[in-house]
Amino acid sequence: MTRQRLAILGATGSIGSSTLDVVARHPDRFELTTLSAHSQVDALVALCRRFRPARAVVSDPAAYAALRDGLADAGLDTEAHAGPEALEAAAEAADTDTVVAAIVGAAGMSSTLAAARAGKRILLANKESVVLAGDLLMREIRAHGARVLPVDSEHNAIFQCLPGDPAQRGGVRRVLLTASGGPFRGFTRAQLAGVTPEQACAHPNWSMGRKISVDSATLMNKGLEVIEAHWLFGLDRARIDVVVHPQSIVHSLVDYVDGSMLAQLGQPDMRTALAYGLAWPERIDSGVGTLDLAALGRLDFEAPDHATFPCLGLAYAALAAGGTAPAVLNAANEVAVSAFLQGRAGFLDIPALLQATLDALETHPADSLDATLAADAEARRVAGALLPRLAGQARPDTTYGTP
Ligand code: NAD
Ligand code: MG
């Protein structure tokens, strides 16, 4: 068997570690060409010792010397590279078949686009790049014969429940994304006013990076996933619904016109989706055990609470507005989440800042990379300027429109 040659961008993160866990179970199937991290040199060198990739990349140029010296001290012949251009070069490299896009945030966009332009197979975890540049990314994928395998668990579930041939998808009525509801499901706005980053990052079912954990707590993660589903599956927003399912066992569903609903179930462990993407169209052991349905006993479902968690509705509204609105939403969210994690904003300031930034900026067509990057930069600037004025002002009794 020829081994699949993998670049893992964001190798030191939660998705990166889960991917490497699956890869390590199948040394006959996979070899690593690139591992990347932002600036965590020690963690990256430790991964290089274990997995012996051809190259290691730190996107932070200031970390280059430490990486080069660390690899040399470890006696490895892994090449050291640094900077965003090195990340793009690794995504396009001729020695690589598959790029695992596991960087967090808009920082993952340029390497994901580079992988698309180079016609790679892309295991897509980095949902922010789809929210920011979905139209552009899907066009590059089609133009260059790249293939996206969604590994966000909901999109992976939908991908598993859809017919393989897009021409046979006419019978799909809608897709239904499941949301756990996060650690604050059932809270009132008054209760949310005082929650801490530690509480927000303590997800009841999934162990994930800090940014996506906060997004899960605000329901922004589900909002980003609605936009992601729109681009990945070419579905109008009216055909993308969300249902809260606290156990995170049903990972999402497809609703067909004949009344059938197909669902994918499994443990809340990202290795299942990653193994599916890694081996597709085959299946391999992921290290995740089977479900004991009798022991689970029950599965619960409820409607999302839009009034208490307005971020989901803001995402539907941004998708309806189209153009650069999703890019603005994503950028404002990255600013808001980072401020919340650093203690510079409260939990309720997150939706307030998103709303204020969307209100402050006009929507433009997102028809070029320049237009998209300009919208992202402008939204970060505006959100950064609005934040000190807003922080602490969001009142628990504020109400927002629902989608
Ligand atoms: P994480 O914070 O655990 O890891 C992020 C990785 O990206 C790290 O390797 C880090 O070094 C790298 N990185 C951070 N900032 C960077 C920058 N500016 N430039 C280049 N690299 C940078 O995040 P995660 O939880 O693994 O999430 C990664 C992506 O996958 C996110 O887009 C997230 O929404 C998505 N995702 C994660 C999960 C999950 O279970 N963790 C599930 C579904 C989707
Ligand atoms: Mg998800």
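The values are calculated or read from the model by the stated rules, or taken from the named source; none is laboratory data. Bear in mind the structure is a predicted one, so any value in this text is a computation, not a measurement. For neighbour counting, all protein chains shown are included, and Cβ atoms are generated from backbone atoms with ideal geometry for every residue, glycine included.
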Taking Gly13 as meeting all but one of (1) more than 16 Å from ligand 2 (Cβ to nearest atom); (2) surrounded by 22 or more Cβ atoms within 10 Å (Cβ to Cβ); (3) not polar (S, T, N, Q), write down the number of the exception. (1)
Under 6 Å by Cβ, and 6 or more places apart or on different chains, what pairs join a residue from the stretch 195-212 that is free of Cβ contacts under 8 Å to residues at least 24 places away in the same chain with one that is part of a helix (DSSP H, G or I) and within 11 Å of ligand 2 (Cβ to nearest atom)? His203/Ser216
Answer yes if at least one residue in the stretch 99-106 is within 16 Å of ligand 2 (Cβ to nearest atom) and on the phi > 0 side of the Ramachandran plot, and no otherwise. yes
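For the stretch 107-133, name all the residues that are within 16 Å of ligand 2 (Cβ to nearest atom) and either in contact with a strand residue (DSSP E or B) (Cβ under 8 Å, 6 or more places away or on another chain) or hydroxyl-bearing (Ser, Thr, Tyr) (or both). Let's see the steps before the verdict.
Start the filter on the stretch 107-133 by keeping residues that are within 16 Å of ligand 2 (Cβ to nearest atom), which leaves 108, 123-131.
Residues satisfying the conditions are Gly108, Leu123, Leu124, Ala125, Asn126, Ser129, Val130.
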Leu329 is checked against (1) more than 22 Å from Ser110 (Cβ to Cβ); (2) in contact (Cβ under 8 Å) with a residue 60 or more places away in the chain; (3) part of a helix (DSSP H, G or I) and fails just one. What number does that condition carry? (1)
Within the stretch 17-37, how many residues turn out to be touching a strand residue (DSSP E or B) at 6+ places or on another chain (Cβ under 7 Å) and either part of a loop (DSSP other than H, G, I, E, B) or within 16 Å of ligand 2 (Cβ to nearest atom) (or both)? 2
Quick one: which helices (runs of 4 or more DSSP H) sit completely within the stretch 154-231 and have at least 1 residues that are surrounded by 24 or more Cβ atoms within 10 Å (Cβ to Cβ)? 197-201, 210-218
Residue by residue through the stretch 1-28, note down the ones that are away from ligand 1 (no atom under 16 Å from the Cβ) and farther than 21 Å from Glu92 by Cα. Met1, Ala24, Arg25, His26, Pro27, Asp28
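Can you confirm whether His251 is at pLDDT below 95, within 16 Å of ligand 1 (Cβ to nearest atom), farther than 17 Å from Leu314 by Cα and surrounded by 18 or more Cβ atoms within 10 Å (Cβ to Cβ)? Steps first, please.
Values: at pLDDT below 95: no; within 16 Å of ligand 1 (Cβ to nearest atom): yes; farther than 17 Å from Leu314 by Cα: yes; surrounded by 18 or more Cβ atoms within 10 Å (Cβ to Cβ): yes.
In short, no.
Return the total of residues in the stretch 272-300 being closer than 22 Å to Val148 by Cα and either touching a strand residue (DSSP E or B) at 6+ places or on another chain (Cβ under 7 Å) or surrounded by 21 or more Cβ atoms within 10 Å (Cβ to Cβ) (or both). Walk me through it before giving the result.
We begin by selecting, within the stretch 272-300, every residue closer than 22 Å to Val148 by Cα; these are 272-286.
Adding the requirement that they be either touching a strand residue (DSSP E or B) at 6+ places or on another chain (Cβ under 7 Å) or surrounded by 21 or more Cβ atoms within 10 Å (Cβ to Cβ) (or both) leaves 272-278, 280, 286.
Of the residues in the stretch 272-300, 9 are closer than 22 Å to Val148 by Cα and either touching a strand residue (DSSP E or B) at 6+ places or on another chain (Cβ under 7 Å) or surrounded by 21 or more Cβ atoms within 10 Å (Cβ to Cβ) (or both).
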Given the structure, is Leu149 over 12 Å from Ala91 (Cβ atoms), surrounded by fewer than 23 Cβ atoms within 10 Å (Cβ to Cβ) and within 14 Å of ligand 1 (Cβ to nearest atom)? yes
